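For reference, the structure discussed in these notes is given below.
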Amino acid sequence: MKQTFEEFLVNTFTEEAEVKLSDKLFDVKFEIWLQKTDLDLFIAYVEKWHAERMLVITNEVINK
């Protein structure tokens, strides 16, 4: 599955904040969460997403 970074952030937010996508205020809560996220934590999210993407790509290449 090719997950975009935005999808990764949404999934991370829903897990950490225990918010459902169906929440009427989801967009507002997500935006506030993004604004409050420390830069070091945001970089860690980027690194985690990148590592997961590299695993997916590697598995795709190996399984061809």
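Remarks
- Between TRP49, VAL61, PHE8, the Cα set farthest toward the positive side of the dipole of the chain (charges on each charged residue's Cβ, about the Cα centre) is that of VAL61.
- Eligible aspartates and glutamates near LYS36 by straight Cα distance, threshold 20 Å, same-chain separation 8 or greater: GLU6, GLU7, GLU15, GLU16, GLU18, ASP23, ASP27, GLU47
- Length gained when the stretch ASN59-VAL10 is fully extended (0.36 nm per residue, less Cα-Cα span): 15.2 nm
- The lysines within cross-link reach of LYS64, meaning a Cα-to-Cα straight distance under 30 Å and a gap of 8 or more places when in the same chain, are LYS2, LYS48.
- Distance (nanometres) between label positions extended 7 Å along Cα→Cβ at GLN3 and ALA44: 1.7
- Cα centre as origin, Lys/Arg/Asp/Glu Cβ charges: region 5-62 dipole, Debye: 100
- Computed [θ] at 222 nm, helices only, for the chain once each DSSP H run of length n ≥ 4 contributes -39500 (n - 2.57): -25000 deg cm²/dmol
- Shape call, the chain: gyration tensor on alpha carbons, a/c limit 1.5: oblate
- Cross-link partners for LYS29 among the lysines, with Cα-Cα distance under 18 Å and sequence neighbours closer than 8 places in the same chain left out: LYS20.
Each reported figure results from applying straightforward, stated rules to the coordinates on display, with no laboratory input. Small disclaimer: the values here were computed from a predicted structure and weren't measured. Glycine gets a Cβ as well: all are built from the backbone with ideal geometry, and neighbour counts include every protein chain shown.
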